[in-house]
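The block underneath contains the structure these notes are about, expressed in structure tokens.
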Amino acid sequence: MQCVDTSITLTFGCARIVFLNKFVSDVLNWVDKFQSAKAAVASASVAAAAAAQATLQEAYEQCSRISLSLTLRAPLILIPQDSCSLSGLMVDLGQITINNKFEMGQERNELGYPAIYDMINLELHNIKLSRVELTTRGTMKREYELLQPISLTLTICRNLTISWHKQRPEIEVQAKVAPVKICLCEEDLLVMLTVLQDNLGEQVTNTMVEDSNTSEISEISRSPKKVKVESEKEIEMVLAGHGHIFTKIKFSFTVEAMTLALFTGGGDAHVTSTTSNESSNGSSSKPSQSPSDESSGQHTDIVAASSLLGESGKLQSPTHIFYVSSDESLRAHSVFSKSGHKIMMAKRALAEVSLQVVRMKGTMMSDGSLAANLVLFDCILQDTRPDQDGFITRMMERKARSGERGMVDLTYRQEPSKDIYVDVRISGFVLVLHLPYLLSIQRFFTDNLPQQPDSPSPVKPKDTPKPKNDSSVDERPSNIMTVRVKVEQPDIALVEDVSSLDTSCIILHAEVNSDIKQTPMSQNISASIANLQMYTCCYNPQNRQKTLAQILNKCELSLLCSVTPSHAEHVDIKLSQVDLRVSP
């Protein structure tokens, strides 16, 4: 199994990428001027893609063995607020390692040839997301860590003998993600939303020229590939009709935990070593220089190159240095200058949302059918404000009596006929509502929205006549979609005060079932709420039965709705006897 046809070994250093939507749009608009060349490139790309696909298919049928050993220092991606800003987000993809090996299976065909599997292992280490502030020299001034370093392991098993060995899937993918934690304060949220708004919404020069002939040429050039894809699907459907069905793709993804921690106030800055070295050399004590003087002293590219080499000349971990031109640094601004809002309060914990054990698995068959299952074991909302000893801090969690079942179980199934079936089951959970705390969480998101820039009114594009469709056949989808939702007896408690476990509360208890069936010609909806009741009691579970007083006795509510082309919309609502008790 160590004998291979091709061996590829690659070591790639760290690259620095700055994403500016304005620059990318300008380049694309400039390319769009060359319509004839663009059409030629499009047609050549289609031909090259078809040739590459044929080559890969031939190599796949010949069971070619390709050995991979790739070690990539993943790029640093800087997303500034706009083209004149020194604040933004930085994505560090860490280190990527890809390698594979070939294994021989126990199965053999009638000629005695064994089954061969290609085991590909992909590992990502130290993936980070940070909010950064740069100096006019391009060095890191401050770094606020948003996503704590995480690791990802991805295993891919390819069945190289799928032509005769169909007991194992053609491709099997397994991924496992270590616990993920995101820390977000008000300042971080404001910067993130401002970056998304200003970077993506920065004005570009619209010089794109539309050419109707190009779209026609592109459609003509893509038509052979479309016909080929449709013919391949027809062949697979014929084989499936004769019982030749096998698993093409099988996948399984597991995330141990996903946690979002919310904090009020500003973030804790982490000053990088580059900035500290500059300050230790006395640069901070010198009189402030203009940005043009700083950039003229030493070119940023030379600083970036020399920072990678130590005294011995060996390659070291790269420092985060980005090029800043002298003209742009003269008018560079902070992320808060447009909104005029900067949060100077100390960092203080507010809430923590945790998703425990998220697991998704599924299979894709050769006849086009798909089956997937998503399970969320538990969803926890924790009040993390300080000085909460003895208070009610667990605002949401799964009921203990749910057993080994997950809190959310979603099943998706798609048949070869494109019929879709969705089943959602939500087991019992406890949700505690305290209005002042909910309002504080709401203010965390609503009070930190960036100000909308004064943008000119968009120019309406000219109406282009749409080509008439000669075919009189109504091409409506013929698939059927069925959705079933079941919520099993949640306890929703509205508490008076969270400072005591013996506080008074109102608890709403119900069980919800819903079925929706939709076809191209009709729609049927049936929903029911069973065991609907409301009562007041003490929140402490030990004293709950002693202090229970019914407000609404158990009742049921059902809804039936149907829509068909031949009949008008019909709605049927049925409510059982309602016993409502209200005392002073």
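One line per residue, one yes/no per condition, for (1) touching a residue at least 12 places away in the same chain (Cβ under 8 Å); (2) within 22 Å of ASP491 (Cα to Cα):
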position	(1), (2)
TYR539	yes, yes
GLN550	yes, yes
GLU556	yes, yes
CYS561	yes, no
LYS574	yes, no
LEU580	yes, yes
PRO584	no, no
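Pairing each residue of segment 26-48 that is at pLDDT below 80 with any residue that is not in a helix (DSSP H, G or I) and not β-branched (Val, Ile, Thr), provided the two are 6+ apart or on different chains, yields C-beta distances under 8 Å for ASP32/MET208; LYS33/MET208; GLN35/ASP211; LYS38/ASP32. Got at least one residue in segment 145-158 being surrounded by fewer than 17 Cβ atoms within 10 Å (Cβ to Cβ), not basic (Lys, Arg) and not in a strand (DSSP E or B)? Among the residues of segment 145-158, not one is surrounded by fewer than 17 Cβ atoms within 10 Å (Cβ to Cβ), not basic (Lys, Arg) and not in a strand (DSSP E or B), which makes the answer no.
Within segment 391-413, residues that are at pLDDT below 90 reach partners that are polar (S, T, N, Q) and buried (at least 16 other Cβ atoms within 10 Å of the Cβ) with beta carbons closer than 6 Å, at six or more positions or on different chains, in the pairs SER402/SER427; ARG405/SER427. Of the residues making up segment 435-449, those that are under 23 Å from the mean Cα position of the chain (by Cα), open to solvent by 70 Å² or more (accessible area, probe 1.4 Å), within 19 Å of MET395 (Cα to Cα) and not aromatic (Phe, Trp, Tyr) number 1. For first residues located in segment 351-367 and part of a loop (DSSP other than H, G, I, E, B), partners that are of a type outside the set (A, V, I, L, M) and lie 6+ apart or on another chain with Cβ distances below 6 Å form the pairs SER366/GLU236; SER366/PHE246; SER366/LYS248; ASP367/PRO416.
Applying the criterion of being surrounded by 12 or more Cβ atoms within 10 Å (Cβ to Cβ) and closer than 30 Å to LYS101 by Cβ to the residues of segment 9-39, the residue that is farthest from the chain's Cα centre (by Cα) is PHE12.
Would a scan of segment 58-76 turn up a residue that is acidic (Asp, Glu) and modelled with pLDDT under 80? Checked segment 58-76: at least one residue is acidic (Asp, Glu) and modelled with pLDDT under 80. Scanning segment 537-566 for residues that are part of a strand (DSSP E or B), surrounded by fewer than 16 Cβ atoms within 10 Å (Cβ to Cβ) and of a type in the set (S, T, N, Q) yields GLN550, ASN553, SER558.
The values are calculated or read from the model by the stated rules, or taken from the named source; none is laboratory data. Given the structure is predicted, the values throughout are model-derived calculations rather than measurements. Heads up, the Cβs are rebuilt from the backbone with ideal geometry, glycines too, and the neighbour counts pull from every protein chain shown. For the accessible areas, the whole protein counts, side chains as well, though only heavy atoms, and no ligand, DNA or RNA atoms are used. Shrake-Rupley method; radii C 1.70, N 1.55, O 1.52, S 1.80 Å.
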